[in-house]
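The next block holds one structure in the form of structure tokens; read it before the comments.
The values are calculated or read from the model by the stated rules, or taken from the named source; none is laboratory data. As the structure is a computational prediction, the values presented were derived from the model and not from experiment. No Cβ is skipped: glycine too gets one built from the backbone with ideal geometry, and neighbour counts run over all protein chains shown. Side chains are part of the model used for accessible areas, which takes the heavy atoms of the whole protein and leaves out ligands, DNA and RNA. Shrake-Rupley method; radii C 1.70, N 1.55, O 1.52, S 1.80 Å.
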Amino acid sequence: MRNSMTTLLALATLLLTSTATAQQVVPGPAAQAWNPEQTPQRFKRHGRRGHRGGKLLARPELLQAKLGLSDTQLVQLRTIHDQCREKTKAYRSQMRQLRRQMRTLIQGETLDGPMIDAVHREMRSLRGKVAELRFGARLQALGVLTKDQRVKLLDGAKQRRQRLRGAWAR
């Protein structure tokens with residue numbers, strides 16, 4: 001009887017200490033909800049995923065004062081942006097459909113490896129096509145700028161890269 005009482009007491013103590021320990025566990029950063037007030041400074045300016053660039057075409061008016069763009073250049077840059085956006089519209093729509101399809105395949109009962117590979121190949125192909133169109137549009141946009149404006153633009157990009165490197169080194 002004494003042995004069973006000692007065993008029971010030991011089990012109760014073990015149970016109580018393990019419960020107390022489990023309650024004191026603090027979840028790590030990955031388990032905590034995202035709080036915009038605690039977001040690192042490097043993400044605050046450009047969103048949670050970081051800055052993807054493309055300001056030259058997406059918002060040329062931001063560069064108008066910095067580079068001294070004329071009104072004609074501004075109209076030309078907006079036209080190039082609109083044309084590129086229109087050309088990539090169908091690809092972006094296809095990409096959304098492929099993402100949905102991939103999600104459905106991955107969440108299914110069984111994983112169909114060959115089908116997942118085929119969808120992934122198609123997604124890579126579309127990304128490449130969009131990248132080619134955007135690269136062509138960037139070259140067109142750079143052709144609208146004067147040599148001095150291109151130099152200013154590249155200097156500004158170099159400074160941004162250096163600032164970002166410094167932010168990531170912190």
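The length gained on full extension between residue 151 and residue 109, counted as 0.36 nm times the residue separation minus their Cα-Cα distance, comes to 9.6 nm. Modelled spin-label separation between residue 100 and residue 120, with each label point placed 7 Å from Cα along the Cα-to-Cβ direction: 2.3 nm. With 10 Å bins beginning at zero, the pair-distance distribution over Cα atoms of the range 74-154 amounts to 17, 33, 23, 16, 9, 2 %.
State log₁₀ I(q)/I(0) for the range 71-112 at q = 0.15, 0.25, 0.32, 0.34 Å⁻¹ as given by the Debye formula over alpha-carbon point scatterers of equal weight, solvent excluded. Rounded to two decimals, the profile gives -0.54, -0.80, -0.96, -1.00. Approximating the spin labels as points 7 Å out from Cα along Cα→Cβ, the residue 129-to-residue 72 distance works out to 3.6 nm. Heavy-atom surface analysis with a 1.4 Å probe gives the range 93-170 a carbon and sulfur content of 53 percent of its accessible area.
Calculated accessible area for the range 58-112 comes out at 73 Å² per residue, all protein chains present (probe 1.4 Å; ligands, DNA, RNA ignored).
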